[in-house]
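Please read the structure below before turning to the comments.
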Amino acid sequence: MKKKIKILIVDDEDVIRDSFYEWLTELGYDVLLAENGISALSVINEKKPDIAFIDLVLPGMDGIEVLRKIRETGQGTGCVIMTAYGGISTAITSMKEGAFDYIEKPFCPGKVELLIEKMIEHQTIKKENLLLHQKLDERFNFENIIYKSTKMQRIVELVKAVAKSNATVLITGESGTGKELIARAIHSYSNRCSKPFIAISCAALPENILESELFGHERGSFTGAHARRKGKFEISDGGTLFMDEIGDMSTNIQIHLLRVLEEKEFTRVGGNEVVKVDVRLISATNKDMKQEVLNGNFREDLYYRLNVVNIELPPLRDRKEDIPLLAEHFLTKFAEENKKDIKDLSPDAINDLLKYDWPGNVRELENVIERAVILSEESLLNTKDLFLEENGVLVGEKTLTSITEIEKKHIVNVLEECGGNCTKSARILGISRMTLYNKIRSYGIEVKK
């Protein structure tokens, strides 16, 4: 595998290029060399290297500008900035411009080897996820159902098999596992796909309102009923009705629902007219329905009517192979929605996502990625952007320092060196005084003069 990895070294010093060439060639890598930014971009376009080590100070075009232009090619080359002028500002600029990392000269070969291995692992995950996305589109074309785990593969096959029938389906699983998404997929692949798909939550409405919502009502049947109104069963005639949280339904409505399933007819609230319907019912719950039946909370005959086919969705912690793919999907989605130039997650961020237990399942993962995209100012989501909590402690909080914290410390140090002179400090930092004032205020820095 290493022999297929192309590494580009961009440095104007012959000794640096030659050293990298001899060392990395011995390790089995295909090493490419460039002495300036122009030749580097030519190599990028022609050879398409996987990794590029770029010196910060180059003749004509500096390393940061080379980094920007490499990113513009969209080839996915992982970039590392090399500098003999190490400092916090270099780290901040490099990471914000999309560098995978940066190293200071002279550097330790062992550290560079580990960095290369880390980048290869990261790029392998990216390529696998891209291929999986393509395969999913080709094989299933299930909108927003992202997976590669064996458990979800079996569920998708079951969805495809049951979709063509008219059988009632009971989808079970913890909250946030995607029960409505599966219900919509069944409808989309059924012969009813051109007819309505109507969803309703049985837990969100009081009993009298839920009854009216499901079966409709006649004018004057209760206070506020100023006209006849069709219920969800009538509206979804010929299509699919999805009833979420079915385990929270009252006994009275359970009786009415059983009649619809058995006779395919009902009467509106306050009416006598029999309404006939042809509706495919899919229901869902996060409760143990067998236990609900044993406890007397749910009718046994209705349970068996609903549970002709059962689809049990696994919690996210039991399908962790899907987490990187789901995270990439949500990252792309929310980056586009929020017009953010965020392309990827760092390996450390992916590792933290894999270690986390996900009590809120896929819904929680989606929320975490959306929040990270909105708040991040970099092109790569890192651990600090995720705000994952375990027992009230942020994952990685004790071992990782965020770029924001680095920047704050750097500003504090410069201010102290300049005796609190903001004009001089801003000039050293390479920012305007107004920007510095804003950062001082946002970071809560006390300026001592």
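The values are calculated or read from the model by the stated rules, or taken from the named source; none is laboratory data. Keep in mind the model is a prediction, meaning the values are calculated, not measured. Note that we place each Cβ from the backbone using ideal geometry, even for glycine, and neighbour counts take in every protein chain shown.
Starting from residues that are more than 9 Å from the chain's Cα centre (by Cα) and farther than 27 Å from Thr77 by Cβ, keep the ones in region 361-374 and report whichever is surrounded by the most Cβ atoms within 10 Å (Cβ to Cβ). Lay out the reasoning, then the answer.
From region 361-374, those more than 9 Å from the chain's Cα centre (by Cα) are 361, 363-364, 371-374; that's our starting set.
Then keep just the ones that are farther than 27 Å from Thr77 by Cβ; that gives 361, 363-364, 371, 374.
Working: Asn361: 21, Arg363: 15, Glu364: 17, Arg371: 14, Ile374: 13.
Filtering first and then ranking leaves Asn361.
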Margin query: Here are the criteria: (1) modelled with pLDDT under 80; (2) loosely packed, with under 15 Cβ neighbours inside 10 Å. Tell me which single one Gly420 does not satisfy.
Written below: (1)
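Test of understanding: among Glu65, Glu46, Glu97, which residue is within 27 Å of Leu345 (Cβ to Cβ) and surrounded by fewer than 16 Cβ atoms within 10 Å (Cβ to Cβ)?
Matching residue, one of Glu65, Glu46, Glu97: Glu65.
Per-residue answers, yes or no, for (1) assigned by TED's automatic domain parsing to the domain that holds Lys343; (2) among the β-branched types (Val, Ile, Thr); (3) surrounded by 20 or more Cβ atoms within 10 Å (Cβ to Cβ):
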residue	(1), (2), (3)
Asp50	no, no, yes
Arg71	no, no, no
Ala84	no, no, no
Thr93	no, yes, no
Tyr102	no, no, yes
Gly110	no, no, no
Checklist line | Sole residue being under 30 Å from Tyr304 (Cα atoms) and either assigned by TED's automatic domain parsing to the domain that holds Asp341 or modelled with pLDDT of 85 or more (or both), chosen from Val80, Val169, Val66 | finding: Val169
Next item on the list: Can you give me the number of residues within region 143-166 that are over 13 Å from Arg319 (Cβ atoms) and assigned by TED's automatic domain parsing to the domain that holds Tyr303?
Entry: 10
Margin query: Suppose the filter is crowded, with 18+ Cβ neighbours inside 10 Å and of a type in the set (Lys, Arg); does Arg192 pass it?
Written below: yes
Notebook entry, point to check: Is there any pair linking a residue in region 156-172 that is assigned to a strand (DSSP E or B) to one that is of a type in the set (Lys, Arg), with Cβ under 7 Å and at least six apart or on different chains, and which?
Noted result: Ile171/Lys179
Margin query: Against the definition (touching a residue at least 24 places away in the same chain (Cβ under 8 Å), part of a loop (DSSP other than H, G, I, E, B) and under 37 Å from the mean Cα position of the chain (by Cα)), how does Phe330 come out, yes or no?
Written below: no
Next item on the list: Hey, could you check region 341-359 for residues that are of a type in the set (Asp, Glu) and not in a loop (DSSP other than H, G, I, E, B) and say which is surrounded by the most Cβ atoms within 10 Å (Cβ to Cβ)?
Entry: Asp344
Next item on the list: Report whether or not Thr404 is at pLDDT below 85, in contact with a Leu (Cβ under 9 Å, 6 or more places away or on another chain), assigned to a helix (DSSP H, G or I) and not acidic (Asp, Glu).
Entry: no
